[in-house]
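Q: Quick one: this structure, given as structure tokens, is what I'll be asking you about.
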Amino acid sequence: RGAQAPAPAAREPAAPRAEQGPVRITQTHARHILIKTSTVMSDEQARQRLEQVRQRIVNGSATFQDMARQYSQDGTAPQGGDLGWVNPGEMVPAFEAAMNALQPGQVSQPIESPFGWHLILVEDRREKDVTDEVQRMRARQALFERRAGPAFEDWMEQLRSQAFIDNRLEKQERIEQNNR
């Protein structure tokens, strides 16, 4: 045991971080319409359906919310496809890239993601100060790290106490020495 690395909790505490200024992110308020592909609905059919829906929205003959309620195969359909305020990194890359390329009020072309095909409407964008959330996350992380070391050591002790090691080489050596 003397050669073991120190437990995570035994490390020296990290030096306090210098106070940082506000942490700001750009959030996007978006809506989407999702059509999932299946054996009944091919990729091409889903894309064509969304192109037709997009034309109705762009021409003004239907609203995005109504089309989402009617066609979207997602849990947000009853809310008109409303995703709320989306933070960077919350969506799959293909969806996020398409969403970020849009200006408020624009509707995307059909976009494919691992979930199916989407139309995206960007309602608005805003800058938000998330300093408080970042500080809360750091505090949670510090508490987790403080608790994780002792918990890991307890778990290792439980495993050691439950382990049974049958060292047959030592037994064989003792038997040979006794027979001499």
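The values are calculated or read from the model by the stated rules, or taken from the named source; none is laboratory data. Note that this is a predicted model, so its numbers are computed, not measured. Glycine gets a Cβ as well: all are built from the backbone with ideal geometry, and neighbour counts include every protein chain shown. Ligands, DNA and RNA are excluded from the accessible area calculation, which covers all protein heavy atoms including side chains. Shrake-Rupley method; radii C 1.70, N 1.55, O 1.52, S 1.80 Å.
Q: What's log10 of I(q)/I(0) for region 39-137 at q = 0.10, 0.22 Å⁻¹, Debye sum over Cα points only, no solvent?
A: With one equal scatterer per Cα and no solvent, log10 I(q)/I(0) is -0.31, -1.27.
Q: Right, next: Hey, how many Å between the Cα centroid of region 33-102 and the Cα centroid of region 104-160?
A: Between the Cα centres of region 33-102 and region 104-160 lies a distance of 24 Å.
Q: Top to bottom by accessible area (1.4 Å), largest first, where do MET137, MET91, MET41 land?
A: Descending accessible area places them as MET137, MET91, MET41.
Q: Under a 1.4 Å probe, what is the accessible area of the chain per residue, stated in Å²?
A: On the way: 12830 Å² over 180 residues.
I get 71 Å² per residue for this part.
Q: Rg (Å, one decimal) plus Dmax (Å, integer) for the alpha carbons of region 30-95?
A: 12.4, 34
Q: Which ³J(HN,Hα) values, rounded to whole Hz and listed in residue order, are derived for region 116-124 from phi using the Karplus coefficients 6.51, -1.76 and 1.60 in 6.51 cos²θ - 1.76 cosθ + 1.60 with θ = phi - 60°, glycine and proline given as x?
A: Along region 116-124, the couplings run x, 10, 10, 10, 10, 10, 8, 7, 6 Hz.
Q: Let me check the size of the chain from its C-alpha atoms; what are the radius of gyration and Dmax in Å?
A: 28.9, 102
Q: Turning to a different aspect of this structure: Ordered by packing density, taken as the mean number of other Cβ atoms within 10 Å over each peptide's residues, highest first, how do 111-121, 151-161 rank? Please report the intermediate quantities before stating the final value.
A: Values: 111-121: 20.6, 151-161: 10.6.
So the order, starting with the most tightly packed, is 111-121, 151-161.
Q: For region 122-180, state what percent of all Cα-Cα pairs lands in each successive 10 Å bin, counting from 0 Å until the bin that includes the largest distance.
A: Bin by bin from 0 Å, the calculated values are 17, 17, 17, 15, 12, 10, 7, 4, 2.
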